[in-house]
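Visitor: I have a structure I would like to understand better, so I am pasting it below and will then ask my questions one at a time.
The values are calculated or read from the model by the stated rules, or taken from the named source; none is laboratory data. Computed from a predicted model, the values in this text were never measured in an experiment. Positions of Cβ are generated from backbone atoms using ideal geometry, with glycine treated the same way; all protein chains shown enter the neighbour counts.
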Amino acid sequence: MRETVRSLRAYFIVVGLISGGMQIKAFGAGGLDVVDMVVCGIDLAFAAGFVYFGVQLPTLLRENASLILRTLVASAVVTLLSAGLATFYIVQLPIAMKSAVVGALAARILVTLLITWYLYRSTKRLAAEAARPTAAVAALFE
């Protein structure tokens, strides 16, 4: 399915709101150490950025699509780094708990990276389309 600007806008907003809600819930649950709080804070900033991208998408596609693309790459890198941190904590768990935690973590990382890749690919395509002059504009220069 090819995303339109309208559907990609909705996708950014929904992803941002869901991710932001998850981070706020994690903060509210308490019991986070400093590292977890930093990771949640970074993820919350990305969530806010995704909502902003959704709201401003048509303008950003024309004027600053690279901001969206760089942010999506940074989000993927942070996802992988936080997976590495999580691995450090998993090693300390009792063996009986490890398989369930590893499976859930792997699924979350995979889904997050697939969503990020999809947003990146769709944004890149729509930015290229927005950069092409329309037939009406092209006729002005003939």
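Visitor: Mind checking which pairs have a first residue in region 98-119 that is surrounded by 15 or more Cβ atoms within 10 Å (Cβ to Cβ) and a second that is outside any helix (DSSP H, G or I) and at pLDDT below 80, Cβ under 8 Å, 6 or more apart or different chains?
Guide: Going by the 8 Å Cβ cut-off, there are no qualifying pairs.
Visitor: Continuing with the same structure: Can you list residue pairs whose Cβ atoms sit under 8 Å apart, with the first residue in region 1-27 being buried (at least 17 other Cβ atoms within 10 Å of the Cβ) and the second being outside any helix (DSSP H, G or I) and of a type in the set (A, V, I, L, M, F, W, C)? Count only pairs 6 or more apart in sequence or on different chains.
Guide: 26/32
Visitor: Would you check which residues across region 109-119 are under 9 Å from the mean Cα position of the chain (by Cα) and over 16 Å from residue 43 (Cα atoms) and list them?
Guide: 117, 119
Visitor: Can you find a residue that is modelled with pLDDT under 95, more than 30 Å from residue 130 (Cβ to Cβ) and not acidic (Asp, Glu) anywhere in region 42-51?
Guide: no
Visitor: In addition: For region 64-103, give me each residue that is over 20 Å from residue 41 (Cβ atoms) and of a type in the set (Gly, Ala, Ser).
Guide: Scanning region 64-103 gives 65, 66, 96, 99, 100, 103.
Visitor: From 83, 76, which residue is of a type in the set (A, V, I, L, M, F, W, C) and either touching a strand residue (DSSP E or B) at 6+ places or on another chain (Cβ under 8 Å) or more than 26 Å from residue 7 (Cα to Cα) (or both)?
Guide: When all the criteria are applied, what remains is 83.
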